[in-house]
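A short worksheet on the structure shown next.
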Amino acid sequence: MAEKSKIFIIGIAGPSGSGKSTLVKKVAALLEDSETLFYDDYNPYYDKLTEDLGELRKGHAITYPEKNRVIQPGKYLVLEEPTGRQRKDMKDKIDFLVYINIPLEVSFARVLLRSIEQADDNSINPFFERIGQQFNPRFSEKPSKLMHIMHWQLKMYLEEHREIYLKDHKFNLNDADFIVDGMKSKDELTTEIIEKLNEKKQ
């Protein structure tokens with residue numbers, strides 16, 4: 001039987017637009033022998049994420065969906081997990097959960113700005129292919145695609161996502177091991193998280 005890995009899993013939770021992905025990369029860059037996993041890279045097979053975390057816990061290597069990269073269990077794993085420990089089987093997978101506390105209007109504004117700033121043919125077309133069937137086929141030109149992607153985001157936020165974010169917010173405020181202010185710069189947050197992790201080691 002393989003010896004159980006000593007890997008320490010750090011989860012970064014928060015709503016879309018809170019800066020989770022950037023923070024995951026920055027924190028991992030300052031930790032010795034660390035790897036990163038991103039929730040969105042498991043779309044739509046999110047159950048495989050919890051399975052992979054379980055395998056790393058057992059000391060087994062995993063094949064990460066992104067470019068089939070092999071990840072060996074190291075000292076640290078920094079994980080982007082929007083809902084924190086809420087999802088099935090995730091409760092015992094995260095050793096230290098960081099929650100990015102940010103006003104929803106700010107995080108949502110960032111999402112819309114990101115859509116506008118990244119609206120080139122290479123980024124907008126795959127997104128439109130996923131959601132485009134919900135719209136009239138005549139919207140084929142780039143400006144119309146962008147307008148309707150933004151329309152879709154606004155509609156989903158009002159009808160579904162806002163309630164989900166509020167539920168997640170309430171849960172993570174009570175469950176997170178460390179809550180950070182999402183209005184601060186990512187460098188400031190990275191420093192705070194590393195300092196908190198160092199405190200835990202003492």
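List of remarks:
- For the pair D187 and D175, the difference between a 0.36 nm per residue extended length and the Cα-Cα distance amounts to 1.9 nm.
- Neighbour cut-off at most 11 other Cβ (10 Å), DSSP loop, GluC sites (Glu not before Pro), the range 28-108: E32
- Rounded if a/c under 1.5, otherwise prolate or oblate - the range 3-58, Cα gyration tensor axes: oblate
- Using a simple spin-label model with pseudo-atoms 7 Å out from Cα toward Cβ, L154 and N43 lie 2.1 nm apart.
- Estimated inter-spin distance, M147 and K67, nm [label 7 Å along Cα→Cβ]: 3.8
- By the rule of a C-alpha distance below 19 Å, with chain neighbours fewer than 8 residues away ignored, the lysines paired with K186 are K20, K25, K26, K196.
- Each Cα pair under 8 Å and six or more residues apart adds its separation to the average, and for the range 1-69 the resulting relative contact order is 42 percent.
- Taking a straight Cα-Cα cut-off under 17 Å and skipping sequence neighbours fewer than 8 places away in the same chain, the lysines within cross-link reach of K200 are K6, K75.
We did not get these values from a lab; they are worked out from the coordinates using the rules stated. Model, not experiment: these values are computed from the prediction. Cβ coordinates were reconstructed from backbone atoms using ideal geometry, including for glycine residues, and neighbour counts include every protein chain displayed.
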